[in-house]
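Encoded as structure tokens, the structure appears first; notes follow it.
The values are calculated or read from the model by the stated rules, or taken from the named source; none is laboratory data. Worth saying up front: this structure is predicted, and the values here are computed from it rather than measured. Cβ: placed from backbone, ideal geometry, glycine included. Neighbour counts: every protein chain shown.
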Amino acid sequence: MGWLSAMSVRLVGESPAIVAALTAQGAALVDEGDADVLIHVAAPTLAKPAHELSHAEWRASLYAGLDQRFMLAKEFAAAQRALGKGGSVVFVGATEQALGSDHAAAAGALGNLTKTLGVEWARDGIRVNTVLTSADDATLGNLVAYLASDYAAYITGAVMGIGLDD
């Protein structure tokens, strides 16, 4: 029995370390539908200096790093409320400084969104947290599994970093 036994997790994006930690803790991974946990791992983007960014590239970064995440979380929260269940949302992505001004803007806004949704959705039993890192290792996997678990029942609205020296 693990921390996540009897829990279903929808993982959007890729992270072998997170998959390994979730399955080691007994989570059932699902592609769609009913899930107790939503984890969104942002695909890394190419770093480009601000003066070389087109408006379309800027908007694409904000869409991938913020808009898409918000819409997934909103859909997840609505489904959990309709079922009368709580749940957990964990966003994972690179640190603000890692990938350029467009990514920094999205990551900074994601931090504020995480804090706001963490407060707003707490009354519904839905937790929202973010991990910012360039790592994809056991530390990341274990932290995400912990945040998804009931052991983190009182952690919401937190933005955490791992390996920020990378």
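Residue-level check: of (1) under 14 Å from the mean Cα position of the chain (by Cα); (2) among the polar types (S, T, N, Q); (3) surrounded by 14 or more Cβ atoms within 10 Å (Cβ to Cβ), Ser101 misses just (1). Out of curiosity, is Asn129 surrounded by 19 or more Cβ atoms within 10 Å (Cβ to Cβ), at negative phi, among the polar types (S, T, N, Q) and out of contact with any Lys or Arg (no Cβ under 9 Å at 6 or more places or on another chain)? Answer is yes for this residue.
Tell me, yes or no, whether segment 28-41 has at least one residue that is more than 16 Å from Gln80 (Cβ to Cβ), hydrophobic (A, V, I, L, M, F, W, C) and part of a loop (DSSP other than H, G, I, E, B). For segment 28-41, residues more than 16 Å from Gln80 (Cβ to Cβ), hydrophobic (A, V, I, L, M, F, W, C) and part of a loop (DSSP other than H, G, I, E, B): absent. For segment 113-166, a residue qualifies if it is polar (S, T, N, Q) and either part of a helix (DSSP H, G or I) or at pLDDT 95 or above (or both), and the qualifying residues are Thr114, Thr116, Asn129, Thr130, Thr139, Asn142, Ser149, Thr156.
Only one of the numbered conditions (1) of a type outside the set (D, E, K, R); (2) closer than 22 Å to Val119 by Cβ; (3) touching a residue at least 60 places away in the same chain (Cβ under 8 Å) is violated by Phe70, and that is (3).
For the condition in contact with a strand residue (DSSP E or B) (Cβ under 9 Å, 6 or more places away or on another chain) and not basic (Lys, Arg), what is the one hit in Ala105, Ala56, Ala79?
Details: Ala105 fails: in contact with a strand residue (DSSP E or B) (Cβ under 9 Å, 6 or more places away or on another chain); Ala56 fails: in contact with a strand residue (DSSP E or B) (Cβ under 9 Å, 6 or more places away or on another chain).
Sole residue among the options that is in contact with a strand residue (DSSP E or B) (Cβ under 9 Å, 6 or more places away or on another chain) and not basic (Lys, Arg): Ala79.
If I ask for residues that are under 15 Å from Asp136 (Cβ atoms) and without any contact (Cβ under 8 Å) to a residue 40 or more places away in the chain, which ones from segment 1-40 would you list?
Of the residues in segment 1-40, the ones under 15 Å from Asp136 (Cβ atoms) are 11, 13-22, 39-40.
Of everything in segment 1-40, those that are under 15 Å from Asp136 (Cβ atoms) and without any contact (Cβ under 8 Å) to a residue 40 or more places away in the chain turn out to be Leu11, Glu14.
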